[in-house]
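Engineer: The structure is given below, and queries will be raised subsequently.
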Amino acid sequence: MEDRKYTILLADDEKEIVDLLSLYLENAGFSVIGVFNGKEAFDVLCRKDAFIDAAVLDIMMPGMDGYTLVRKIRETSNMPILILSARSDDSGKILGLDLGADDYITKPFNPLEITARVQAQLRRYYRLNAPAAQAQERITAGGLVLDRASCTLTKNGREIPLTAIEYRILCLLMENRGRVFTKSRIYEHVWGGDFYESDDNTVMVHISKLRDKIEDDPRNPVYLKTVRGLGYRFEKEK
């Protein structure tokens, strides 16, 4: 990451949580803007003088819920978004990830883990957007072209929008066509943290979203294959 102080937007309707996480994030070298409802968070993001690098958002907030806020952020920004929620059910987690969140942490939480996950997301986000040594290299497969110079994907000449997480997963699999990656290996490579059972759906949701974007028929994928009982692979060209 660049040698500068990154600003984290922290939104939760519990003041104790905002105060606690602000303390840990500031001790880790971040600037923190703490707010207590979704509307305030959205107002901060709309300010021209507020340069937000990542967001940690609660789901159940007054004014605007976290899901709506994630959707609005994704309309204009690819910044890292971490959801912090009391909802531990799979449906809530899947919905948050499907809307564009990069990570989902359930309460109660360890503030050191939150800090580590924020740091990991920022490292990967800014490394992704930094000039790459292999800037001119393109990976092609059928009608797909993954351009690592611009971090873009095209299919038959048409650009396919990807989130930062989707790009990293696809880059990993396309660089290693034919090799099987378990969910835990994908998670550890892309998210940069230890894989827990609760992270299983995180990987599944992003794989599903990638198939929706790159496959003509996501139910019968040509490129992104499931290897039952093992994981996923990007099919070698025949």
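Bear in mind that the values in this text are calculations on the coordinates, not laboratory data. Note that the coordinates shown come from a computational prediction; the quantities given were computed from them, not determined experimentally. Backbone-built Cβ (ideal geometry, glycine too); neighbour counts: all protein chains shown.
Engineer: Quick one: 3J(HN,Hα) in Hz for the range 163-172, Karplus 6.51/-1.76/1.60 with θ = phi - 60°, rounded, Gly and Pro as x.
Structural biologist: 6, 4, 5, 4, 4, 5, 5, 5, 4, 4
Engineer: Using only the C-alpha atoms of the chain, find the volume of their convex hull and express it per residue in Å³.
Structural biologist: 131
Engineer: Another question about this same structure. What longest region of the chain stays clear of chymotrypsin sites (Phe, Trp or Tyr not before Pro) that DSSP places outside H, G, I, E and B and that have at most 13 other Cβ atoms within 10 Å? Could the numbers behind the result be given before it?
Structural biologist: On the way: sites that count: Phe51, Tyr196.
Formally, the longest exposed-site-free interval is 52-195.
Engineer: Quick check of the Kirkwood formula: for the range 46-91, what is the inverse mean of 1/r over all pairs of different Cα atoms, in Å?
Structural biologist: Radius from the Kirkwood sum: 11.7 Å.
Engineer: To continue, here is another question. Considering only DSSP beta bridges where both residues belong to the chain, give the percentage that are antiparallel (nearest 5).
Structural biologist: The answer is about 50 percent antiparallel.
Engineer: What's the ranking of 153-164, 207-218, 90-101 by average number of surrounding C-beta atoms within 10 Å, highest first? Can you show the working numbers first?
Structural biologist: Numbers: 153-164: 15.0, 207-218: 16.5, 90-101: 18.8.
Going by the mean number of other Cβ atoms within 10 Å, highest first, we get 90-101, 207-218, 153-164.
Engineer: Placing +1 on the Cβ of each Lys and Arg and -1 on the Cβ of each Asp and Glu in the chain, which of Ile186, Tyr126, Ala50 has its Cα farthest towards the positive end of the resulting dipole?
Structural biologist: The Cα lying farthest towards the positive end belongs to Ile186.
Engineer: Tell me which residues come under 5 Å, amide H to amide H, from Ile105 once H is placed; ignore anything under 5 positions away on its chain.
Structural biologist: The list, which skips near neighbours in sequence, is Ile83, Leu84, Ser85.
Engineer: Additional query: Please list the three semi-axes, largest first and in whole Å, of the ellipsoid equivalent to the range 138-234, using sqrt of 5 times the eigenvalues of its alpha carbon gyration tensor.
Structural biologist: 21, 15, 12
Engineer: May I pose another question? Quick one: compute the contact order of the chain, relative version, from alpha carbon pairs under 8 angstrom and 6+ residues apart, as a percent.
Structural biologist: 14
Engineer: Follow-up. If you average the alpha carbon positions of the range 170-206 and of the range 24-64, how far apart do those two centres end up, in angstrom?
Structural biologist: A separation of 28 Å, based on Cα centres.
Engineer: Ok, one more. Return the sequence-ordered ³J(HN,Hα) values of the range 178-183 in whole Hz as given by the Karplus equation 6.51 cos²θ - 1.76 cosθ + 1.60 applied to θ = phi - 60°, using x for Gly and Pro.
Structural biologist: With coefficients 6.51, -1.76 and 1.60, one gets x, 8, 8, 10, 6, 4 Hz.
Engineer: Okay, moving on. Take the Cα atoms of the range 1-79, find their three principal axes, and give me the spread along each one in whole Å, biggest first.
Structural biologist: Sorted largest first, the three principal extents are 33, 30, 18 Å.
Engineer: Here's another thing I want to ask about it. Compute the length gained on full extension between Thr182 and Met60: take 0.36 nm times their separation in residues and subtract their Cα-Cα distance, giving the result in nm to one decimal.
Structural biologist: 40.6 nm
Engineer: Can you compute the modelled spin-label distance between Glu175 and Glu113, with each label point 7 Å from Cα toward Cβ, in nm?
Structural biologist: Reported label-point gap for Glu175 and Glu113 is 2.8 nm.
Engineer: Would you kindly state how much longer the chain becomes between Cys46 and Asp212 on full extension, computed as 0.36 nm times their sequence separation minus their alpha carbon distance, in nm to one decimal? Kindly include the intermediate steps, with their values, before the conclusion.
Structural biologist: On the way: separation 166, 0.36 × 166 = 59.76 nm, distance 3.03 nm.
Answer, rounded to one decimal: 56.7 nm.
Engineer: Using 0.36 nm per residue of separation minus the Cα-Cα distance, give me the extension gain between Asp90 and Lys5 in nm, one decimal.
Structural biologist: Value of the extension gain: 27.2 nm.
Engineer: Taking a temperature of 4 °C and a viscosity of 1.567 mPa s, what whole-number D in µm²/s does Stokes-Einstein yield for the range 7-128 with Rh from Kirkwood over alpha carbon pairs?
Structural biologist: Answer, rounded: 92 µm²/s.
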